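K.L.:
Shown below is the structure under consideration.
The values are calculated or read from the model by the stated rules, or taken from the named source; none is laboratory data. The shown structure was predicted, so the numbers you read here are calculated from the model rather than taken from an experiment. We place every Cβ from the backbone using ideal geometry, glycine too, and count neighbours over all the protein chains shown.
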Amino acid sequence: MAGQKTEVVIMIPTYNEAGNIEALVREIMSLPLEHDLAVLVVDDDSPDGTGEIVARLAAEDARIRLLTRTEKRGRGLAGIEGFRQSLSLRADYIIEMDGDGSHQPRYIPALLEQAGRSDLVIGSRCIQGGKDADRPFYRRFMTFLARNYVRCRFGIGVRDVSSGFRCFRRAVLEKIGLDGLISVGPSVVLEILDRAHRLNFRITEVPIVFLERKQGQTKLTVRTLVQTLLMTFKFKRA
Ligand SMILES: Nc1nc2c(ncn2[C@@H]2O[C@H](COP(=O)(O)OP(=O)(O)O)[C@@H](O)[C@H]2O)c(=O)[nH]1
Ligand SMILES: [Mg+2]
């Protein structure tokens, strides 16, 4: 990945996304961008064959990479390893996004554009122009409570604290200390935001319309949501 252009790595953690990943990766690779783009899929050895699909795509295009994890599974562990690898790929900007079709590649240019003016840009469902998927009332209510709880707990002005569609300047991931993160699961999204906020990085939001996942099932149950919130008590506040 040599050259003068800005290097962007799109990091996608996956578990059982065989029905979604190929279309997503192809759409990302066809974006008209000035930057040098690489896609890194971090798959936890999904039983549905997600890894095999990505390996096939990677064989066709050197800008597509697969990192297969076979140790302990988890959205958090996968994301942390993916960020580490992204840094070693010399990325200037690292974008994380879900592999289920909820996060649309068409917002990547807007995230990158805004990243010229701030350190961490969040794709936000909660600002003007943003929208969440049409979900059942109880699910939206849970999200509403969780989000506001986290905003109070962290004392943070960011609205969409739980968004996993975000663009980091390299320096953010270098300074937050990936090795010290304790999240195994989805709480990693909150833990990284908390650290970036406490290190006084400039955090801004750009609107995104979040779609319902295309195929397959969410791994987020009410139990995971509660576990995620409880994890915030364990984050190191040093
Ligand atoms: N590598 C890895 N990815 C995961 C794991 N759990 C979830 N993901 C991925 O993280 C993203 C978000 O997960 P999802 O189940 O859609 O959660 P939701 O969007 O909050 O309902 C998707 O791309 C998942 O495939 C995991 O244990 N390991
Ligand atoms: Mg999802």
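K.L.:
Which of (1) surrounded by 21 or more Cβ atoms within 10 Å (Cβ to Cβ); (2) touching a Ser or Thr at 6+ places or on another chain (Cβ under 8 Å); (3) closer than 19 Å to residue 5 by Cβ is the odd one out, the single condition residue 76 does not satisfy?
P.N.:
(3)
K.L.:
Same structure again: Which one of these is closer than 29 Å to residue 24 by Cα, in contact with a Leu (Cβ under 7 Å, 6 or more places away or on another chain) and aliphatic (A, V, I, L, M): 172, 209?
P.N.:
172
K.L.:
Another question about this same structure. Using the structure shown, decide if residue 204 is hydroxyl-bearing (Ser, Thr, Tyr), modelled with pLDDT under 95 and under 26 Å from residue 131 (Cβ atoms).
P.N.:
No; evaluated as a whole, the condition is false for this residue.
K.L.:
In this structure, is residue 82 in contact (Cβ under 8 Å) with a residue 40 or more places away in the chain, buried (at least 20 other Cβ atoms within 10 Å of the Cβ), under 25 Å from residue 172 (Cα atoms) and in contact with a helix residue (DSSP H, G or I) (Cβ under 7 Å, 6 or more places away or on another chain)?
P.N.:
no
K.L.:
Let me ask you something else. Only one of (1) within 16 Å of ligand 2 (Cβ to nearest atom); (2) among the basic types (Lys, Arg); (3) free of Cβ contacts under 8 Å to residues at least 12 places away in the same chain fails for residue 213. Which number is that?
P.N.:
(3)
K.L.:
Sticking with this one: Please verify whether segment 228-236 includes one or more residues that are within 12 Å of ligand 1 (Cβ to nearest atom) and either crowded, with 19+ Cβ neighbours inside 10 Å or not polar (S, T, N, Q) (or both).
P.N.:
The answer is yes, given that some residue of segment 228-236 is within 12 Å of ligand 1 (Cβ to nearest atom) and either crowded, with 19+ Cβ neighbours inside 10 Å or not polar (S, T, N, Q) (or both).
K.L.:
Right, something else. Any idea which residue in segment 168-223 is farthest from ligand 1 (Cβ to nearest atom), counting only those that are of a type in the set (Gly, Ala, Ser) and assigned to a loop (DSSP other than H, G, I, E, B)?
P.N.:
The extreme case among them is 177.
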